[in-house]
Amino acid sequence: MLENYEHYITDNIKNFYKRRLATPIVYLISLIILWNLFSLTDLLAPGRLKDKDTLETAYRNDIAYVRTDLNNLRFTGYTQNNSFGRIQGYYYYTLLEDDCIIALLTPATSEQGLPLIEHASVTGKIMHKTPNLDKLLLSLSSDLNWTENGISNEVSLYYISEPDYSLPRSLFLFGIIFLTGGYALVCILLFLLYIRVPVFSPACQNLSRFGNPGRLLAQAEEELATLPQLATEDMFITEHFFIETSVYGNAVIPIAEIIWIYKYSTLHKFFWYHFSISYTLHISAKKHLYIQCPKNTKSDIDGIIDYLAEANHNILVGFNEENRLKVEEIQGTPMHIKKILDLLNRRI
């Protein structure tokens, strides 16, 4: 018994967070890959197109969004409309470093399609020529009495689209990325801390409600290593503690602090076929500590409940309204909720 349960609680806490560590790491790696794949750095802070750089050069260097100054923009007479018929942009052409390019400008920049714009500072997405642009060039060549091959040779295969760059619409996306990425990073750091120093984990810090968590954890480890009085697959009872070490979480509770226990059954089914029933042990302890031990067998939970009720005769057994009201009376209102209620009462 000594060999099997030496440091059993801390080892299970370490293994629990090692398993959980993979998810935030994979998520962060996925975010980094997607960030680079979709050039989100350029979207967040577009770089200025350098002198003598062409749109083709920037595009081939995986630069998706740029800022540049364009002069002598001439309206082609053509617009881009959305599916509802609303104008999204106006097509202009100009020279950029001896390269004739097409620029799709927003209604605000073009002032609803001015014939000539002497100067405009444009922030947009570099786009490769699309079938729609081919149709535009075909129509434009006819208007200018050019051949299709002639205008295709003169106009760059790449154009800049101002409507395709919209930072305000992307702020929600960036908010999700930074919030979830930050949460994943915090999880990684905390999990590494719990693996390194298990006493800092939530399961052990819950013991601070009843005394020094380090001492109580050491006492629980010693009792479990020397003589556990009842053991199931992932729940144990020692002289002074109830201990859970499952894949769903870990918990250490002094038996003397437990005030209410009951079991709850869950019927698992697939469509109309009922294939199993699992049981969850619910434990309420003093100072508003609540834990659940899910997916156990009825015999295991019944054995735990019987043993705890025998070890502490003050424990309320079974879920009913009478026991709930007794627990509510014993627990009282949590301190943080009491402060909120007092604040609301003062304002009223």
Inset, instruction - Could you point to the residue in Ile243, Gly77, Thr180 farthest towards the positive end of the chain's charge dipole, with +1 and -1 charges on the Cβ of Lys/Arg and Asp/Glu respectively? - result: Ile243
Legend entry - Relative contact order, percent, the chain [alpha-carbon distance under 8 Å, six or more residues apart]: 15
Inset, instruction - For Ile177 and His128, calculate 0.36 nm times their separation in residues minus their Cα-Cα distance, and state this gained length in nm to one decimal. - result: 14.9 nm
Inset, instruction - Collect residues whose amide H, placed 1.01 Å from N in the peptide plane, falls under 5 Å from the amide H of Gly89; neighbours closer than 5 in sequence don't count. - result: Gln80
Inset, instruction - Measure off, as a whole percent, the carbon and sulfur share of the 1.4 Å-probe accessible area of the chain, all protein chains present. - result: 56
Legend entry - Phi-based couplings in Hz for region 306-314 (Karplus 6.51, -1.76, 1.60; Gly and Pro marked x): 4, 5, 5, 5, 6, 6, 9, 5, 7
Legend entry - Whole-number percent relative contact order across region 114-269, with pairs defined as alpha carbons under 8 Å at least 6 apart: 12
Legend entry - Size of charge dipole - region 112-247 - debye, nearest 20, with Cβ of Lys, Arg +1 and Asp, Glu -1, no other charges: 300
Legend entry - Above-threshold pairs, the threshold being 29 Å between Cα atoms, out of Lys52/Lys125; Lys269/Lys298; Lys269/Lys326: Lys269/Lys326
Inset, instruction - Assign unit charges at the C-beta atoms only (+1 for Lys and Arg, -1 for Asp and Glu), then state the dipole size of region 82-141 relative to its Cα centre in Debye, rounded to the nearest 20. - result: 380
Legend entry - Simple Cβ-charge dipole of the chain, Lys/Arg +1 and Asp/Glu -1, about Cα centre, in debye nearest 20: 800
Legend entry - Angle in degrees between helix 8-37 and the longest Cα principal axis of the chain, rounded to the nearest 10: 10
Inset, instruction - Using DSSP, restrict attention to beta bridges with both residues in the chain and report what percent are antiparallel, rounded to the nearest 5. - result: 90
Legend entry - Answer label for Kirkwood radius over Cα pairs in Å (calculated), chosen among (i) 22.8; (ii) 21.2; (iii) 26.6: (iii)
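The values are calculated or read from the model by the stated rules, or taken from the named source; none is laboratory data. What you are looking at is a predicted structure, and each value in this text was computed from that prediction instead of being measured. All Cβ positions, glycine included, derive from the backbone under ideal geometry; neighbour counts span all protein chains shown. Side chains included, ligands, DNA and RNA excluded: accessible areas come from the protein's heavy atoms. Shrake-Rupley method; radii C 1.70, N 1.55, O 1.52, S 1.80 Å.
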